[in-house]
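Worksheet: the structure to be examined is printed underneath.
Every number in this text was worked out from the coordinates using simple rules, so none of it is lab data. What you are looking at is a predicted structure, and each value in this text was computed from that prediction instead of being measured. Quick reminder, even Gly has a Cβ in these numbers, built from the backbone with ideal geometry, and neighbours come from all protein chains shown.
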Amino acid sequence: MTSEAPLILTVGHSNHPFERFVELLQINVVDAVADVRSAPYSRFNPAYNRETLRADLKRHGIDYVFLGRELGARSEDPDCYRDGRVRYELLARTSSFHKGLERVLTDAKSRRVALMCAEKEPLACHRTILVARALTERGAKIGHILADGSMEDHEDTMERLLVVHGLTSSDLFKSRAELIDEACLLQERRIAYATDTEQGEREWVNE
């Protein structure tokens, strides 16, 4: 008998007041937050600075762990860059990234974990385009917590991504998996961190 695949959630703190952010976690019965921001600080909302967030979540009975070094999108490894831009495919091959995934998968066996980054829209963030995809390849189920508190299944999120890039599942010459791969690459080019710009994932933070 095989054990049921763990459910792992994702969430963006966006510009939510901290009380609303906690409410989103509580609605979805989250026990632990795994912070996948490379830099765990917010100039615009200090409530989400690493030390403050850890302490405030603890008051609500929610654990906090920082995994930005392992699962963050702004890699310090120069081998993960091409032409000044992070390449998710290269980042996903690193031993550090694999260790981060295993940490999440292990913790998810005993509690409800939410991967946290800044972006409100799941499609605007590497937590979806990079980390969640890698976790699904390892058998995990993924749900994305939306700003209204509802949970969107990862498959539905990927369907929205296909629509964003004008790709349809009715393509006669490509499988759905191939279309999703193409859409994720297109989205990566839109949001991935580049050393010569401050755009990337910030573009959709408050959309």
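Regarding region 125-167, what is the average projected area of its C-alpha convex hull, in nm²?
One quarter of the hull surface, i.e. the mean projection, equals 3.2 nm².
Net charge within 12 Å of MET158 by Cβ-Cβ distance, Lys/Arg positive one each and Asp/Glu negative one each, not counting MET158 itself?
Summing Lys and Arg as +1 and Asp and Glu as -1 gives -4.
With viscosity set to 1.002 mPa s and temperature to 20 °C, compute the Stokes-Einstein D of region 67-203, Rh being the Kirkwood radius across alpha carbon pairs; µm²/s, no decimals.
Taking Rh from Cα pairs, D becomes 137 µm²/s.
Let me know the number of lysine pairs in the chain closer than 22 Å at the Cα, not counting same-chain pairs under 8 apart.
Number of lysine pairs found: 5.
Taking 7 Å along the Cα-to-C-beta vector as the label spot, tell me the ARG20-ARG43 distance in nanometres, rounded to one decimal.
With each label point 7 Å from Cα toward Cβ, the separation is 2.2 nm.
What are the semi-axes of the equivalent ellipsoid of region 5-83, taken as the square roots of 5 times the eigenvalues of the Cα gyration tensor, listed largest first and rounded to whole Å?
Those come to 24, 16, 11 Å.
Based on the Cα gyration tensor of region 7-153, what are the three equivalent ellipsoid semi-axes, each the root of five times an eigenvalue, rounded to whole Å and given largest first?
23, 17, 14
Can you give the % of DSSP beta bridges in the chain that are antiparallel, to the nearest 5?
Antiparallel: roughly 25 percent of the beta bridges in the chain.
Assuming R0 = 25 Å, what is the FRET efficiency of LEU186 and VAL65, from their Cβ-Cβ distance, to the nearest 0.05?
Given R0 = 25 Å and the Cβ-Cβ separation, E is 0.20.
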